[in-house]
Structures are given as C-alpha cells and as structure tokens.
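Visitor: I have a structure I would like to understand better, so I am pasting it below and will then ask my questions one at a time.
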C-alpha cells in the first residue's frame, strides 16, 4: 500500500482557505541533536577513491636498561599505525508536488492571494531538515540502518508493537515507507507507517501500518533501497563507540584493543554515581588521566534525566531579609540551565537510545562526504523537478530529490566511552 497522497492541491485544502495564522507547526519529532553537534566539526569531501584515516596505536621506542660501561645498546623500534577505510553512504529525501499545487503556490504572494501559505516552498525548505533528522536517526544504531524492532508480542495485526529497547517507534516517520525484515535482515516486503502511538520512553510503542503481517517478532524496519540480508548504512554510535570484539571497524578488526571504547555495563540498574565513576575510571585507564581531560559531553535520552534528578536532587536554603516573604521551594531543577554530569554538558535527544549513555569527544569525530552532497539533484524542470512517468506516459506529478552522501568516524575510539544496559525509572514504566 502506498503512503497517503499528500502532494496534491486537494491534500493541502486545510491551509488553502483565507486563514490568518501562517505559522504552521510540524507535529512530529524532528530532533537533529547529535547530527547538529557533529556538523560543527570539520568534514572532508572525498572523491571516488576510498577515504583513509590513520590510527596510531604505538608511539614507538624500546625501553630498557642501558649498560654504559661497554655493553650492547638496545635495538629500537618504530611507531605502529593502522588505517580506517571509510566510504560514505548515499541517501535521499524525495518530495512530490503537482502542476496545480505548483501554480497555486507560485501565486501565494500575488495580489489575489488565493493561498496564504506557499505550500511548495515550505515542502522544499523542510527537505534539508528531514535529511538532518534522518542522519540523526541513523547515527543511533550500528551501520545496518535498523530503525525499529518488532516486539516479542507481534501477532500480525494492527497496532503493531515495537520493542521498547532501544528506540520504540521514535526513529520512524509518519507516511514513510520502510522495508520489513526477519531477524536475519532478509527483506519480507514494504510497509507504510500510517499512525504512531505517543512514545513513553519506557513502555512498548506501537505503529499502524498497511500490512502488519510483515512485521514479525525480532524482525526489523530498515530504509528503502537497503540490501536484503546485508544492509549497509552510515556508521552509528553503536558502531564507533563500542567495546565489542566482534567484526571490524572500517576494515580494522575489533580484536585490536585500540578500536574498542571504554564501557560500563549497568546490568539494568538505573543511571547512578557508580555507573558514571566506573565509566570515567575505565576511560582514564585507557587514555591516561591527562588525555582524558579533553573536552567531551554526555549524550543520552531524556528518560535517563528522570533517574538523575531523583538521585541527584538538591535542596536550596534561602535566607530572607527583613520584610521579605518566603518563596515556595521548587522541587525540580531549572530546565533552561541544562543538565550536567561530572561538570560536563549532557546533550539529550528524543531519538537517542533509552538504555545508553555515551561520553563523546567531539573533536575526534569526523564526517566524510562525497562532493556535491547536501543539495537537490539537478532536474530538467525549474532546475530540480523531475516529471513522473506512469505506464510510459508523462503525468502532472513532479518529484525532487534532496541527496546526501556521508558517514561518521572517529580518529581515536579509545577517547570515547559508553554505559549500556541502563535501567529505566519506575515513574516511566507505567503506561500513560
């Protein structure tokens, strides 16, 4: 079943009347938190050749005693380097309009003002935001593009339950089509997300799709055009910041300790001082205390803030001057002041995994892109529209394609750390 037709003039009738308020709000999660952080660091444009990033694992030099009274001197050695081979992965955001929709929108600013809002311009302007949100979603996983997992209670009917750990339905967008796979990532077919439950962060989310039988327990939802059984997407946090020894990282086997990040397994316990201390100590043991002083920030889902606030609450005592009245005590921290752990900023993100806490050194992250990325593909109509063909005939429907080719990597895996298997606060585990 195809997604709803939201690109005709008729579909925009809700904002085609003579309305006054043109500030149309988007009622969908479009967080770009981590992607925005990474966008501020240097990015390399790479050509058709594979991009290579060296990793020094040994400073070189042999140490030992030196017999200065006629004995043999030591044989020295040099530095050891490994090399990551990094290949960007291409994606697109496709938008659609019709001849009538284009005509109406083009006259949005005219004297007749038949439409208050230029719907097509709004659609075009949101394409870059949609791509940034998509990048942010793919950054959460490994590198297989897994966006959701069928819950163990799947029964082939709507609404379809999705596994709460680690993302529920938060990485899926309304009216988008995804590939449904089995537990081995073999593609079973395509489904369209027609509805989503309100995410709770700690209970099972659901979606309504056109073909619920395709979503099976332990199966996955991945983007369109990803290969069956062997989907390959850009590297995510679970790929570049992990303690696993299985597989490889950009061609370097993970049995090499220098590509394994420091980690702490919380054992389903909630985020606490013990977890933070264990993570910091293991990171310091790998990097050295001085090296660990490099700027970094924590990254997690807001659900972990609930436990942090309950464990780390602070009472404030106010001494009143003569004539002043006593103020009521605020039981909750001021949200606008941000959230900190160990003095470091915490970047929370609605699409982040609910059971992970990352300690990220942003200066060591990089983004590799193909030249010409992050723009609309050049089309024959007005520079970017393509006329859609159906059955060999031209139609009055047009498509435009905003494309980007990227992947994220780290220059020093040891400098990052991750706490995983975090528990969730009981206040969130009760259904809303």
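We did not get these values from a lab; they are worked out from the coordinates using the rules stated. Bear in mind that the values here come from a model prediction, so they are computed numbers and not experimental data. All Cβ positions, glycine included, derive from the backbone under ideal geometry; neighbour counts span all protein chains shown.
Visitor: When all C-alpha to C-alpha distances in the stretch 122-165 are sorted into bins of 10 Å, what percent of pairs does each bin hold, rounded to whole numbers?
Guide: 24, 33, 31, 12
Visitor: Using the basic label-point model (7 angstrom from Cα toward the beta carbon), what is the residue 394 to residue 203 distance in nanometres?
Guide: Rounded to a tenth, the inter-label distance reads 5.5 nm.
Visitor: Can you give the FRET efficiency to the nearest 0.05 for residue 99 and residue 373, using r as the Cβ-Cβ distance and R₀ = 35 Å?
Guide: Efficiency for this residue pair is about 0.75.
Visitor: Over the stretch 393-432, what number does the Rg to Rh ratio reach, with both radii from the alpha-carbon atoms and Rh per Kirkwood?
Guide: My calculation of the ratio gives 1.34.
Visitor: So how do 103, 254, 170 line up by other beta-carbon neighbours within 10 Å, fewest first?
Guide: Least to most surrounded, the residues fall as 103, 254, 170.
Visitor: Largest first and to the nearest Å, give the Cα extent of the stretch 92-220 along each principal axis.
Guide: Result for the stretch 92-220: principal-axis Cα extents of 58, 29, 29 Å.
Visitor: What list do you get for 172, 271, 188 if you sort them by fewest beta carbons within 10 Å?
Guide: 188, 172, 271
Visitor: Moving on to the next point. FRET efficiency for residue 229 and residue 335, Cβ-Cβ distance as r, R0 = 60 Å, nearest 0.05?
Guide: 0.85
Visitor: Three principal axis extents, largest first, for the C-alpha atoms of the stretch 144-232, in Å?
Guide: Over the stretch 144-232, Cα extents along the principal axes are 31, 23, 22 Å.
Visitor: Further question on the same structure: Could you please rank 401, 337, 416, placing first whichever residue has the fewest other Cβ atoms within 10 Å of its Cβ?
Guide: Sorted ascending by nearby Cβ count, the order is 337, 401, 416.
Visitor: Something else about it: How much length, in nm to one decimal, is gained on full extension between residue 311 and residue 158, taken as 0.36 nm per residue of separation minus their Cα-Cα distance?
Guide: Between residue 311 and residue 158, full extension yields an extra 51.2 nm.
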